[in-house]
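Structure first, then comments.
The values are calculated or read from the model by the stated rules, or taken from the named source; none is laboratory data. Not measured: the values here are computed from a predicted model. Using ideal geometry, Cβ is built from the backbone for each residue, glycine included, and neighbour counts are taken over all protein chains shown. What goes into the accessible areas is simple: the full protein's heavy atoms, side chains included, and nothing from ligands, DNA or RNA. Shrake-Rupley method; radii C 1.70, N 1.55, O 1.52, S 1.80 Å.
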Amino acid sequence: MKNIKYIVSPGKSISGKFRVPGDKSISHRSIMLGALADGTTNVTGFLSGEDSLSTLKAFQAMGVDIEGPVDGNVTIKGVGIDGLKAPSMPLDLGNSGTSMRLMSGLLAGQKFDVTLIGDESLSSRPMKRVTNPLALMGAKIDTTEKGTAPLKVNGGAGLKGITYDMPMASAQVKSCLLLAGLYADGKTVVTEPAPTRDHTERMLTGFGYKVGVNGATITVEGGGRLTATDIDIPTDISSAAFFMVAAAIADDSEVVIQHVGINPTRTGIIDILKLMNANISIEKEKVVGGEPIADIRVKSSGLKGINIPEELVPLAIDEFPVLFIAAACAEGKTVLSGAEELRVKESDRIQVMADGLVELGVDAQPTEDGMIINGVGKGGRPFAGGTVHSHHDHRIAMSFAVASLKATADIEINDCVHVNTSFPGFAHLAQQVGIQLQEVEV
Ligand code: S3P
């Protein structure tokens, strides 16, 4: 595969009113539930990124007729809850942890065997967090000795509902078990240690499936059916985050990011940036298809270092790479703790970000479960030039592109091809708003 590197040069201000691509989490779920529903589901705003396309192709390989995406439109002819067919080959889920973890639950309930594979990054990520509770439900899934993919999901297991206290705050684990629960005898009851994104619960409800939510405990009962419905996917707050931080740290800047999903289980980035003194306003709020959306306006401001409240960590879990860039620009110390989950994302986001930040001259110290960063404050430029590595991780690459707005020399960012997993068109949009970014094929 051809790779791409970014060369970003010191920038000044950014501005613009624009949309970012569709929400990745909701895009995955729209394919999964649309495929299992009775009837045809029309999706708009679908993310044409490699991760959500991996899910789309996997369901096509299991006999589901799916058209698109064309301009974000996807049509899924649902096959019904028991209508999937055995694929003729292993399902390659690329870089996508969400596809693998959610699908392992859904596929554990099928009558056929299926093998799930992924790229180098996905093949090193922990899967026991889903295969252990699934085994309690009666699923038969083989992993490598290390508990990683390939996953061989053996069909015909006959699942039974369980009551499960999740050891970590993970929407992927929760969703995996709820999807397995659709096929289980009796009730599947999952309790999470802290709130995580609830798109699965909302979308199941949208498809007419009964989901019980009582505080931190979510219940589904097997044996029901899903009814097709149309889905309008908001744009992804995790992609908007790069431009939110960009406008906050750059001088004389203002952006409006339109039609962004602001589900309260995803808005930790807004809360954390506001605590850091960012100038953010939420405009034109409305609810579309069960998900709240709004335009987000961000203006330059003098950011301040903070102790990030631990309860906000799961609500901003994908945004820490770019929040570390914000912290380097903020006045004083920012401390993140309680975020050990960052070590098992597409890369070890604590180590990889710390390495890159230190390479660029930032005072950053990684800890077991977070990071301590001493920022320079408004007027300073904390990033010297240098070369950083994204380690197959889209969000690392985009975060260092944002850092260029406060750099003193060029930054070379290696291994940026994975930006396409979540944010096709990032380089072009970044250039349009005023980030000095050059894309080079290598
Ligand atoms: C996701 C959940 C989160 C997040 C990932 C998408 C989802 O992962 O990091 O990008 O769509 O459910 P965890 O559940 O592992 O925290």
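Which residue, of ILE76, ILE81, ILE31, ILE7, is within 21 Å of SER104 (Cβ to Cβ) and either aromatic (Phe, Trp, Tyr) or in a strand (DSSP E or B) (or both)? It would help to see each step written out before you state the result.
Values: ILE81 fails: either aromatic (Phe, Trp, Tyr) or in a strand (DSSP E or B) (or both); ILE31 fails: either aromatic (Phe, Trp, Tyr) or in a strand (DSSP E or B) (or both); ILE7 fails: within 21 Å of SER104 (Cβ to Cβ).
ILE76 is the lone residue from the list that is within 21 Å of SER104 (Cβ to Cβ) and either aromatic (Phe, Trp, Tyr) or in a strand (DSSP E or B) (or both).
Being over 18 Å from the mean Cα position of the chain (by Cα) and open to solvent by 20 Å² or more (accessible area, probe 1.4 Å) is the requirement here; does SER281 meet it?
Values: over 18 Å from the mean Cα position of the chain (by Cα): yes; open to solvent by 20 Å² or more (accessible area, probe 1.4 Å): yes.
When the stated conditions are applied, SER281 passes them.
In the range 352-372, is there at least one residue being within 21 Å of ILE237 (Cα to Cα), within 16 Å of the ligand (Cβ to nearest atom) and of a type outside the set (Phe, Trp, Tyr)?
The first filter runs over the range 352-372 and keeps only residues within 21 Å of ILE237 (Cα to Cα), leaving 353.
This time we only want the ones that are within 16 Å of the ligand (Cβ to nearest atom), so: 353.
Okay, now just the ones that are also of a type outside the set (Phe, Trp, Tyr), so 353.
There is at least one residue in the range 352-372 that is within 21 Å of ILE237 (Cα to Cα), within 16 Å of the ligand (Cβ to nearest atom) and of a type outside the set (Phe, Trp, Tyr).
Specify the residue that is nearest to GLY223 (Cα to Cα); the eligible residues are those in the range 19-44 that are more than 16 Å from the ligand (Cβ to nearest atom) and open to solvent by 10 Å² or more (accessible area, probe 1.4 Å).
Going through the qualifying residues, I end up with ASP38.
Any idea which residue in the range 140-161 is surrounded by the most Cβ atoms within 10 Å (Cβ to Cβ), counting only those that are touching a residue at least 24 places away in the same chain (Cβ under 8 Å) and within 27 Å of the chain's Cα centre (by Cα)?
LEU151
Select from the range 365-379 the residues that are within 28 Å of ASP251 (Cβ to Cβ), open to solvent by 10 Å² or more (accessible area, probe 1.4 Å) and under 26 Å from the mean Cα position of the chain (by Cα) and list them in ascending order. I'd like the intermediate steps shown before the answer.
The first filter runs over the range 365-379 and keeps only residues within 28 Å of ASP251 (Cβ to Cβ), leaving 365, 371-379.
Checking which are open to solvent by 10 Å² or more (accessible area, probe 1.4 Å) leaves us with 365, 372, 374-376, 378-379.
Listed by number, the residues that qualify are GLN365, ILE372.
For the range 334-351, what are the residues that are surrounded by fewer than 18 Cβ atoms within 10 Å (Cβ to Cβ) and away from the ligand (no atom under 16 Å from the Cβ)?
VAL335, SER337, GLN351
Which residues, counting only those in the range 188-219, are in a strand (DSSP E or B), buried (at least 18 other Cβ atoms within 10 Å of the Cβ) and within 16 Å of the ligand (Cβ to nearest atom)?
Applying the first criterion (in a strand (DSSP E or B)) to the range 188-219 yields 188-191, 212-214, 217-219.
Checking which are buried (at least 18 other Cβ atoms within 10 Å of the Cβ) leaves us with 188-190, 218-219.
Residues satisfying the conditions are VAL190, ILE218.
Can you tell me how many residues in the range 45-55 are away from the ligand (no atom under 14 Å from the Cβ) and either more than 19 Å from the chain's Cα centre (by Cα) or surrounded by fewer than 24 Cβ atoms within 10 Å (Cβ to Cβ) (or both)?
Kept after step one, since they are away from the ligand (no atom under 14 Å from the Cβ), are these residues of the range 45-55: 45-46, 48, 53.
Now narrow it down to the ones that are either more than 19 Å from the chain's Cα centre (by Cα) or surrounded by fewer than 24 Cβ atoms within 10 Å (Cβ to Cβ) (or both): 48, 53.
So the answer is 2.
Rundown of residues vs (1) closer than 18 Å to VAL255 by Cα; (2) within 16 Å of the ligand (Cβ to nearest atom); (3) open to solvent by less than 20 Å² (accessible area, probe 1.4 Å), yes/no style:
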position	(1), (2), (3)
GLU285	yes, no, no
LEU303	yes, no, yes
ASN307	no, no, no
GLU310	no, yes, no
ILE317	no, yes, no
ALA326	yes, no, yes
GLY332	no, no, no
